[in-house]
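Encoded as structure tokens, the structure appears first; notes follow it.
The values are calculated or read from the model by the stated rules, or taken from the named source; none is laboratory data. These numbers were taken from a predicted model, which means no experiment stands behind them. All Cβ positions, even for glycine, are placed from backbone atoms using ideal geometry, and neighbour counts span all protein chains on display.
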Amino acid sequence: MLPKCGDCGTAFFYPRILCPHCHSRNVGWIQASGKGKLYSFEIAYRTFNPAFKVEAPFILAMVELEEGPRMMSNLINIEPDPSVVKCDMAVEVVFEKQTDEVTLALFQPAR
Amino acid sequence: MKELSNSVAIVGVDESDEIGTLPNVSQLSLHLQAIHNAVMDAGLKISDVDGIFTAGQHSPALLGEALGITPRYVDGTTVGGCSFIIMVGHALVALHHGLCDVAVVSHGESGKSGTGVTRSRDTSLSGQFETPYGFGGAATNFGMITTRHMHDYGTTLEDWAQVAVSTRAWACLNPKAKFREPITVQDVLDSRALIYPFNLLNICLVTDAGGAVVLTRADRAKDCAKKPIYVRGAGEATEHTLVTNMRDLPLSRSTKNSGHKAFEMAGVTHSDFDHIMLYDAFTSGPPIMLESLGFCAPGEGVSFFQDGNSTPGGSLPINTNGGGLSYTHSGMYGIFPIIEAVRQQRGECGDRQVPGAKLSLVNGMGGMLSAAGTIILSHET
Ligand SMILES: [Zn+2]
């Protein structure tokens, strides 16, 4: 789901109570397609956050969603190698359940 | 703001007694040492200070209490490491209007040792939307800007390495710099891989350090101990806090806007500068700032750091103190490029002195190019 302005039609992220483009408070939610492109990335060779338990190396991803906004995530199911991972490659969401309350939106190369 | 150009001068600058790894010096002591030293440098007394400007954990009220003074003007604007550069502009306005007569901009940070530090940050947004994916700290955000720059403009890891090499060459000439051994592009490329696109030598130091800057109106500045260095222009801007909300990534709107304001106030253009100080938390930062400030086309900023340009003896020296990369970086680095620019304008820099420096640019970022502060300094009015 993504917040979208009911007046100017802009989708944005993170959610907030007014549209950052036209400042309308007429904000609703839309179902996002889950598709986008890899706007930028990093490959972490160690953890930068002690609570994060994924073993390095892993890919930190900035995804530009088809609807416009950008979000941070991880890119999975691909070799963590800068000669393989490329900006602007097509990606799609994969939901990964962490607990009964928390599910993360990760991304993988589009099939 | 144009009529305020040259109305205020920097009359005192200094670091804390020592900078580096100082587990026995509290963060508050770093502030107080720097303020004391900078006020002495100006030939003034602590009791002359009636305006306190500081960013970070300690409020201006705490600094006033610790100094035993009751300031009549305070400012605690905290928008990242460039806050101190922005505060030079704030102090200028306050001094100009007589809201205070002697302003101190102070920084103290026990960034390495954590002595006298309460660890707490605003993580409400990053904690929800970034930390769950393994983000944490500046490198995990500034890398995004850097990787995209490489994609858009064809910049390379060798290009960024050149910035570290050039900055280290300056550090070799600064007795206060932490690292004073020359390095090569290959050394940077071979240093420990932390997070692509950064190896260890692409990332700033982590130190304990304080620094302070004393300002007063130009008429009073003439009575101070050292040559006054006039604030010819000042600008500031903010855009985002989260990199996902940075519209023109990898270029910075805040930097562009801040620079534009400062240039306009000073009535100068890019080719007028003979000395530049840029906030270098990462090697890719200075080139991206030069591009965002309009010194060159996007993608061409790295060319400044090649031999003969911004290196010692070059035509446009950049980061002559050795920068956050090799001199010191306590966390909020922004006070230190101001101190260096003032020393260059005074002609105090010994082996690293830029001959005949007349116009210095100081530009810093807060967060991930989120906020920006720009000041233009000269010993001439
Ligand atoms: Zn709108």
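The listed residues are B:Lys227, B:Lys176, and the only one of them that is modelled with pLDDT of 95 or more, outside any helix (DSSP H, G or I) and either within 14 Å of chain A (Cβ to nearest Cβ) or within 30 Å of B:His96 (Cβ to Cβ) (or both) turns out to be B:Lys227. Based on this model, can you work out whether B:Gly294 counts as assigned to a loop (DSSP other than H, G, I, E, B) and modelled with pLDDT of 95 or more? Spelling it out, B:Gly294 is indeed assigned to a loop (DSSP other than H, G, I, E, B) and modelled with pLDDT of 95 or more. Screening B:Ile52, B:Ile19 for residues that are β-branched (Val, Ile, Thr) and under 23 Å from B:Gly98 (Cα atoms) leaves exactly one candidate, B:Ile52. If you go through region B:31-82 one residue at a time, how many are over 21 Å from the mean Cα position of the chain (by Cα), β-branched (Val, Ile, Thr) and surrounded by 19 or more Cβ atoms within 10 Å (Cβ to Cβ)? Residues that pass the stated criteria total 1. Kindly indicate the residue of region A:1-47 that is within 9 Å of the ligand (Cβ to nearest atom) and within 9 Å of another protein chain (Cβ to nearest Cβ) and also farthest from B:Tyr153 (Cα to Cα) among those meeting that condition. Checking each candidate, the answer is A:Pro20. In region B:202-251, the residue that is nearest to the chain's Cα centre (by Cα) out of those that are farther than 30 Å from B:Gly12 by Cβ and without any contact (Cβ under 8 Å) to a residue 60 or more places away in the chain is B:Leu251. Looking across region B:193-213, the residues that are of a type in the set (Val, Ile, Thr) and assigned to a strand (DSSP E or B) come down to B:Ile195, B:Ile203, B:Val213.
Quick one: which of A:Glu64, A:Glu55 is in a strand (DSSP E or B) and within 14 Å of chain B (Cβ to nearest Cβ)?
The match here is A:Glu64.
Based on what the data block shows, is B:Thr155 in contact with a His (Cβ under 7 Å, 6 or more places away or on another chain) and either within 14 Å of chain A (Cβ to nearest Cβ) or without any contact (Cβ under 8 Å) to a residue 60 or more places away in the chain (or both)? Yes: the conditions hold for B:Thr155.
A single entry from A:Arg46, A:Arg16 fulfils the requirement of being more than 14 Å from the chain's Cα centre (by Cα) and closer than 24 Å to A:Phe95 by Cβ: A:Arg16. For region A:67-100, taking the residues that are more than 7 Å from every other protein chain (Cβ to nearest Cβ) and closer than 18 Å to B:Asn245 by Cβ, the one that is surrounded by the fewest Cβ atoms within 10 Å (Cβ to Cβ) is identified as A:Gly68.
Checked against the criterion of being in contact (Cβ under 8 Å) with a residue 24 or more places away in the chain, surrounded by 19 or more Cβ atoms within 10 Å (Cβ to Cβ) and closer than 30 Å to B:Ser378 by Cβ, region B:119-130 contains not a single residue that satisfies it. On inspection, A:Arg70 passes the criterion of being basic (Lys, Arg) and touching an Asp or Glu at 6+ places or on another chain (Cβ under 6 Å).
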